[in-house]
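Each reported figure results from applying straightforward, stated rules to the coordinates on display, with no laboratory input. These numbers come from a predicted model, not from an experiment. Cβ placement follows ideal geometry from the backbone for every residue including glycine, while neighbour counts extend to all protein chains displayed.
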Amino acid sequence: MRITGQSLAKFKYVQKNKTYMNSKIVFVDSKLQEEFSNLKDSKKENKQLYNWIITAFEKIEENPFCGIQIPKKLIPKEYLTKYQIKNLWKCNLPQGWRLLYTVKNNNVVILSIVIEWMSHKDYENKFNY
């Protein structure tokens, strides 16, 4: 793939002959965005979770496919119906926390839409492990 000077700014890096486009992080709804904002000013444990999520956001912005893709047959039906997603990605955070997001292309920018974060125990329950 040949990249022109104009489109070069859109691409972050090339790895194994694949060019990855930057993505924009958005939240699936305003409630989740508010919960995230509340983490920043909360007690120490939640502040730490906030920092881990910020680090994950930075990685996802550079490469929206940096997480682990959840097989389609394992995507909870709740996500398929409530959010009408076609893919689901997992980013492992420290201490067993998980960040779940989906990737969509709106023809202008790739959107990485944060669905939720949860503890490892809650993740295992949701995915029936």
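Please report, in whole Å³, the volume per residue of the convex hull around the C-alpha atoms of the range 58-129.
87 Å³
Gap in Å between the Cα centre of the range 91-118 and the Cα centre of the range 19-56?
10 Å
Need one number: nm distance between label points at Lys43 and Glu58, each 7 Å from Cα along Cα→Cβ, rounded to one decimal.
Taking the two extended label points, one gets 2.7 nm.
With θ set to phi - 60° and the Karplus curve 6.51 cos²θ - 1.76 cosθ + 1.60, what are the ³J(HN,Hα) couplings of the range 54-61 in order, to the nearest whole Hz, using x for Gly and Pro?
4, 4, 5, 4, 4, 5, 5, 4
Multiplying the sequence separation of Glu34 and Ile68 by 0.36 nm and subtracting their Cα-Cα distance, what value in nm do you get? Display every interim value, and only then the final one.
On the way: separation 34, 0.36 × 34 = 12.24 nm, distance 2.56 nm.
Taking Glu34 through Ile68 to full extension adds about 9.7 nm, to one decimal.
Given a cut-off of 21 Å, what percent of all Cα-Cα pairs of the range 5-126 lie beyond it?
The answer is 41 percent, as a whole percent.
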